[in-house]
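To start, the structure under review is shown below, and the notes come after it.
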Amino acid sequence: MDQAPGNPQGPHDARELPTCYRHPDRETGVRCTRCERPVCPDCMVSASVGFQCPDCVRDGGGTGSTARDSRPRTLAGGTVTADPRLVTKVLLGLNVAAFVVQLAVGDRFTDTFDLIGRAYVPLLGSVEGVAEGQWYRLLTAAFLHGGYMHLLFNMLSLWWIGGPLEAALGRARYLTLYLLSGLAGSALSYLLAAPNQPSLGASGAIFGLFGATAVLLRRLRQDMRPVVALLVINLIITFGWHDIIAWQVHIGGLVAGVLTGYAMVHPRRDRRTLVQYGVCALVLAAVVVTTLVRTFQLT
């Protein structure tokens with residue numbers, strides 16, 4: 001290969017790694033997850049997600065002067081907390097509690113809160129559904145389950161995927177991601193499924209967590225293969241048993257999770273809050289518009 005004039009080393013130089021901001025003579029491929037400055041092995045400090053530089057560890061970013069600015073922050077800008085799995089535990093508890101109520105009260109409780117477009121429900125003796133103004137079903141259906149195995153599988157996935165993701169995003173952003181994914185899954189199911197076909201389960205939110213985790217791992221340049229493999233297996237199951245699995249919920253949650261997750265971890269620090277609020281608002285707006293369109297079709 002020809003070399004450029006005056007550049008005896010050719011294209012090799014163009015691929016040189018950046019140097020540590022504290023040790024200019026040391027090349028490194030690792031950056032601080034908070035300020036994104038390159039740090040060498042002697043300077044990097046292990047964090048809950050990735051590594052941080054000594055300045056960010058010492059004063060929460062090196063530029064702020066108030067107590068709020070000096071708090072340790074996650075990769076997405078959330079506050080680092082003592083229990084990074086608290087929201088995951090609460091969500092798991094809510095799902096289990098709802099299932100216990102389902103067992104105790106029976107089908108009447110499930111038929112009141114599961115996702116259904118518009119249909120006559122014999123047990124309730126009336127026409128029910130989102131099209132009847134029961135928009136709460138878009139959310140409540142994400143906390144109900146159809147059996148022990150359904151609950152067990154979703155809760156294991158929530159614990160395995162949700163805990164590390166909560167630590168990376170922070171509580172508020174993680175909860176927002178979870179709820180938006182669940183709502184998006186319900187909205188797509190409402191739009192595409194038969195109006196008299198009920199569905200329930202946390203799968204939409206779980207698929208959203210899968211999508212956001214894949215985005216996070218790519219952002220951190222970590223091995224994505226385990227999560228991608230598990231996601232592919234779940235998609236195969238989804239479409240292989242589409243007659244008993246609401247694939248619309250899974251796809252809607254996955255798309256919302258990827259979009260929201262990307263907005264959480266990719267923007268520059270100076271635009272991060274604006275992008276995060278903006279994308280979350282757009283996803284929520286898409287849920288509302290989808291619901292209005294389908295309601296107009298059914299009424």
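The values are calculated or read from the model by the stated rules, or taken from the named source; none is laboratory data. Fair warning: this is a prediction, and the values are worked out from it, not measured in the lab. With ideal geometry, Cβ positions are generated from the backbone for all residues, glycine too; neighbour counts draw on all protein chains shown.
The combined condition, being on the phi > 0 side of the Ramachandran plot, over 12 Å from the mean Cα position of the chain (by Cα), outside any helix (DSSP H, G or I) and surrounded by fewer than 17 Cβ atoms within 10 Å (Cβ to Cβ), is not fulfilled by R268. Of the residues in segment 12-24, at least one is in a loop (DSSP other than H, G, I, E, B), farther than 23 Å from M264 by Cβ and modelled with pLDDT under 60. R173: at negative phi, within 17 Å of the chain's Cα centre (by Cα) and not hydroxyl-bearing (S, T, Y), yes or no? Yes; evaluated as a whole, the condition is true for this residue. Residues that are closer than 17 Å to L169 by Cα and not β-branched (V, I, T) were ranked within segment 271-299; the one that is farthest from the chain's Cα centre (by Cα) is R271.
Of the residues L179, L103, L138, L152, which single one is hydrophobic (A, V, I, L, M, F, W, C) and touching a helix residue (DSSP H, G or I) at 6+ places or on another chain (Cβ under 6 Å)? Show your work before the answer.
Numbers: L179 fails: touching a helix residue (DSSP H, G or I) at 6+ places or on another chain (Cβ under 6 Å); L103 fails: touching a helix residue (DSSP H, G or I) at 6+ places or on another chain (Cβ under 6 Å); L152 fails: touching a helix residue (DSSP H, G or I) at 6+ places or on another chain (Cβ under 6 Å).
So the residue among L179, L103, L138, L152 that is hydrophobic (A, V, I, L, M, F, W, C) and touching a helix residue (DSSP H, G or I) at 6+ places or on another chain (Cβ under 6 Å) is L138.
None of A256, A229, A246, A263 is loosely packed, with under 11 Cβ neighbours inside 10 Å and small (G, A, S) except A229.
The helices (runs of 4 or more DSSP H) found wholly in segment 115-211 and carrying at least 3 residues that are surrounded by 24 or more Cβ atoms within 10 Å (Cβ to Cβ) occupy 148-169, 171-192. Selection of first residues in segment 91-109 that are touching a residue at least 40 places away in the same chain (Cβ under 8 Å) and of second residues that are among the polar types (S, T, N, Q) and part of a helix (DSSP H, G or I), restricted to Cβ pairs under 8 Å at least 6 apart or on distinct chains, gives the following pairs, ordered by first then second residue: N95/N154; Q102/T110. Scanning segment 99-137 for residues that are over 17 Å from H150 (Cβ atoms) and either among the aliphatic types (A, V, I, L, M) or not assigned by TED's automatic domain parsing to the domain that holds Y148 (or both) yields A104, V105, I116, A119, V121, L123, L124, V127, V130, A131. Scan segment 154-165 and give yes if some residue there is in contact (Cβ under 8 Å) with a residue 40 or more places away in the chain, within 20 Å of L282 (Cα to Cα) and not assigned by TED's automatic domain parsing to the domain that holds R34, otherwise no. The answer is no; no qualifying residue exists.
Is it the case that V215 is under 19 Å from G162 (Cβ atoms), within 15 Å of the chain's Cα centre (by Cα) and either of a type in the set (G, A, S) or modelled with pLDDT of 95 or more (or both)? In short, no.
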